[in-house]
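Notes follow the structure.
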Amino acid sequence: MSWVGRHAIAAGLATMAFTAVGCGSEGSEGAGANGESLCASDVLYEGRTYIKLSDAEVKVGQKLGTATTPPCRDTNDHVDDVPESSENAYAVSGISPDVVIAVGSSPEQAEPFRVLRSDKSVPPEVQELIDGS
């Protein structure tokens, strides 16, 4: 094999290795500093999927029922599989549970989650929470 051919193959292998590093369990979103699974931040409640609403202050209201965190497999080796779990779902004062709920073991521990719309748009009520925080 010629010198040029060997170097072209080496360059191609290096490119593949570099690309594979970007396709790990964190995906294109990146992970938080705590290394938590990305899909573990989704919850299911009343047939809707909700995603965590970071950095938003809400007033937690009455208990609505139970939200479920679906099982998650972020890695190919399945060592870090996250099993399905359940937490309490709470109303958020002034906002329909169809849009925002709080999830946690108690009202004091509950964190806000917003509904994930099929068109990925952010409901106006949620945008107000984000802008007000």
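The values are calculated or read from the model by the stated rules, or taken from the named source; none is laboratory data. These numbers come from a predicted model, not from an experiment. With ideal geometry, Cβ positions are generated from the backbone for all residues, glycine too; neighbour counts draw on all protein chains shown. SASA here: full protein model, heavy atoms, side chains in, ligands and nucleic acids out. Shrake-Rupley method; radii C 1.70, N 1.55, O 1.52, S 1.80 Å.
Of all the residues that make up the range 105-124, how many are of a type in the set (A, V, I, L, M) and in a strand (DSSP E or B)?
Selection size over the range 105-124: 1.
Examine the range 120-128 for a residue that is open to solvent by less than 90 Å² (accessible area, probe 1.4 Å), modelled with pLDDT of 95 or more and over 14 Å from the mean Cα position of the chain (by Cα), and state whether such a residue exists.
no
Here are some conditions: (1) modelled with pLDDT of 95 or more; (2) part of a loop (DSSP other than H, G, I, E, B). V79 meets all but one. Which one does it not meet?
Tallying (1) modelled with pLDDT of 95 or more; (2) part of a loop (DSSP other than H, G, I, E, B), V79 fails exactly one: (1).
Do we have A67 as modelled with pLDDT of 95 or more, open to solvent by less than 30 Å² (accessible area, probe 1.4 Å), hydrophobic (A, V, I, L, M, F, W, C) and in contact with a Gly (Cβ under 6 Å, 6 or more places away or on another chain) here?
no
If the Cβ limit is 6 Å and pairs must be 6+ apart or interchain, which residue in the range 85-100 that is open to solvent by less than 50 Å² (accessible area, probe 1.4 Å) pairs with which residue that is of a type in the set (K, R)?
Matching pairs, first to second residue: N88/K63; Y90/K63; V100/R114.
Cβ-Cβ distance below 8 Å, separation of 6 or more or different chains: which pairs start in the range 39-57 with a residue that is on the phi > 0 side of the Ramachandran plot and end on one that is in a strand (DSSP E or B) and at pLDDT 90 or above?
E46/G65
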